[in-house]
Amino acid sequence: MAEAFGFGRNALRRSFQQLITRSLRLEKCHKHPPALPCMLRLLARVDIRRPYCYRKAISLGKDQPRIFIAEHSMTEELSGEILAPALRVINQLETERLIGGYAIGGSFSLIFYGEAFTTDDVDIFCHITQGKGSLLVSLSPIYERLNELGFLPDGEGIRIHGVKIQFLLPMTELGNEAMITASQTTIEGVPTRVFDFEHALAMKAATGRAKDWGHIGIAMESGEPDMNKLKDILTRYNLLRSWTKHGPPID
C-alpha cells in the first residue's frame, strides 16, 4: 500500500518515528503543552510486519507527559481514551473480588516515570482471592470472567479493548513489597496503582534479561529515582552485584 504512493514501508516507518521523536522533544520543552496530548493520540507508527495495523502513541496527560504504545485495528475509531477502557475492566475485576488488589508493573511502570519506549503489553501484578478450602492459586477465574465479557486470549495475555494485558502473581518477596508500596494514581481519569520507580527498577533487575537492562538504562537516563532507596532495595534482595555488573552507576 505504501509503495503505491511512492514510499517504501521502511521509509514511511522512519518518517513516523522521526515525527514522534520530535514531538516528544517538544513536549519536554513545555510544562503544559495544550495541544500536544491530542496530537500524540493521532500519531501512528506503521508496523511493517502487520501493515494493516498501527500503533498509537498517546500522552498520559499534561501532568504525566509520557507515552504508551498500544496496537489497534485500522478500522477502530480514534478516540481520546486508550488505556482507560482496559483499566475500568480491571477495576471491575477487583470490585467483583476476582482479584484482591493489583498494581501495574513491568515495562509500563518504567515508562510512567522515564523515557518512552515500545512495549507490547501491560503487566498487571495481582493478588488472587482464593475460594474457601482451596490450596491452589489460579488465574483461570480471571480469564474465564474476561471471556464472558467478550475478551479473547492473545499469546500469554488477553486483549482488553485493544490493549494486551498480562496478569502476573507476585511470586517473590520483592514482588509483594512492590505491590504494597505501589503509588495510587490516575491514568486518563481512571484510578489505578503503579509500582514506584525504585521497585519497578528492582523488579526489572531481578528478571535480568538483556532487554530488561536496556529498559533500565533508558529509564535511568530520563527519570530520577531515589538512589538511596533504590540501593537499599537492591541490597536487601541481593541484586546489587548484578546491578553493578549490568546496570548504570547508582553511586
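Here are some notes:
- Selection of first residues in region 95-115 that are in the same structural domain as Leu149 (by TED's automatic domain parsing) and without any contact (Cβ under 8 Å) to a residue 40 or more places away in the chain and of second residues that are among the hydrophobic types (A, V, I, L, M, F, W, C) and not in a loop (DSSP other than H, G, I, E, B), restricted to Cβ pairs under 8 Å at least 6 apart or on distinct chains, gives the following pairs, ordered by first then second residue: Gly100/Cys126; Gly100/Ile128.
- Filtered residue count, region 192-241, keeping only those that are without any contact (Cβ under 8 Å) to a residue 24 or more places away in the chain and within 16 Å of Ala182 (Cβ to Cβ): 1
- Selection status of Pro170, assigned by TED's automatic domain parsing to the domain that holds Leu98, buried (at least 18 other Cβ atoms within 10 Å of the Cβ) and not small (Gly, Ala, Ser): yes
- Scanning region 145-162 for residues that are assigned to a helix (DSSP H, G or I) and crowded, with 19+ Cβ neighbours inside 10 Å gives a single hit, Leu146.
- In the set (1) buried (at least 21 other Cβ atoms within 10 Å of the Cβ); (2) outside any strand (DSSP E or B); (3) among the hydrophobic types (A, V, I, L, M, F, W, C), the condition left unmet by Ile165 is number (2).
- Helices (runs of 4 or more DSSP H) wholly inside region 188-251 containing at least 3 residues that are hydrophobic (A, V, I, L, M, F, W, C): 197-207, 210-222, 227-236
- Failed condition for Leu201, given (1) at pLDDT 95 or above; (2) more than 16 Å from the chain's Cα centre (by Cα); (3) aliphatic (A, V, I, L, M): (2)
- The residues in region 108-126 that are surrounded by fewer than 23 Cβ atoms within 10 Å (Cβ to Cβ) and under 13 Å from Lys204 (Cα atoms) can be counted, and the count is 2.
The values are calculated or read from the model by the stated rules, or taken from the named source; none is laboratory data. Predicted model, so just to flag it, every value in this text is computed and none were measured. With ideal geometry, Cβ positions are generated from the backbone for all residues, glycine too; neighbour counts draw on all protein chains shown.
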